[in-house]
Amino acid sequence: MTFVVVVEGEAGGWHVDRGALTEVVRARWTEVEIDASVRSAARSLTWSLGSANGPGELYLHEDGTCLYMDVGEGGAIWSAIAFRRLDARPPRPRVLR
């Protein structure tokens, strides 16, 4: 089954850095192959995974706002949470009042 996590309307510049996402994917799955060849706007980077539940794939949209997940439900939940935590926007200044 394919799962998707997306940030619509560019959400004020929200996107994920490809390198940062690659690091967290490698930390989660021991068997990872990375294919950086762009196949389409939706598949600008692909991670092929091996897990106890069988093979899977993650692929990132070229603008970094959408992650497609062909993995089991547990892997999709983990990936969606990791994806949302990787906001690549510069930190906003805090205003003290």
Check: So which residues in the stretch 73-85 are of a type outside the set (Phe, Trp, Tyr) and either part of a strand (DSSP E or B) or surrounded by 17 or more Cβ atoms within 10 Å (Cβ to Cβ) (or both)?
Finding: 75, 76, 79, 82
Checklist line | Considering residues of the stretch 1-36 that are basic (Lys, Arg) and either assigned to a strand (DSSP E or B) or touching a strand residue (DSSP E or B) at 6+ places or on another chain (Cβ under 8 Å) (or both) only, the residue modelled with the lowest pLDDT | finding: 18
Item checked: Residue list for the stretch 1-36, filter: over 12 Å from the mean Cα position of the chain (by Cα), exposed (fewer than 12 other Cβ atoms within 10 Å of the Cβ) and over 21 Å from residue 73 (Cα atoms) -> 8, 9, 10, 12, 13, 36
Check: Any idea which residue in the stretch 37-57 is surrounded by the most Cβ atoms within 10 Å (Cβ to Cβ), counting only those that are assigned to a strand (DSSP E or B) and polar (S, T, N, Q)?
Finding: 46
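The values are calculated or read from the model by the stated rules, or taken from the named source; none is laboratory data. From a predicted model like this one, the values you see are computed outputs, not experimental measurements. So basically every Cβ, Gly included, is an ideal-geometry build from the backbone, and we count neighbours across all protein chains shown.
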